[in-house]
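Below: the structure, in structure tokens.
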């Protein structure tokens, strides 16, 4: 794995987790049950996987 690819994966991971953290904070502030907020992490993992696959095209 090249350093550039490693850096892209780190940035994608931080970005996806940051977006999910904001979403989770907003949902919890409106009184959404924690189990429902936890389910929203699954699309975040899928988004990270998709972005990681797309980054393999030309990095």
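Listed values, structure above:
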read-out	value
Helix-only CD estimate at 222 nm, as mean residue ellipticity for the chain, using -39500 (n - 2.57) per DSSP H run (n ≥ 4)	-26500 deg cm²/dmol
Relative contact order of the chain, pairs being alpha-carbon contacts under 8 Å that are 6 or more residues apart, as %	54 percent
FRET E, pair residue 27, residue 55, Förster distance 25 Å, beta-carbon r, rounded to 0.05	0.35
Among 40, 32, 13, residue whose mean-square fluctuation peaks in a GNM of the chain (springs only between Cα atoms under 10 Å)	32
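Rule-based calculations on the coordinates, nothing more; no lab input. Not measured: the values here are computed from a predicted model. As a convention, Cβ positions derive from the backbone with ideal geometry for all residues, glycine included, and neighbour counts pool all protein chains shown.
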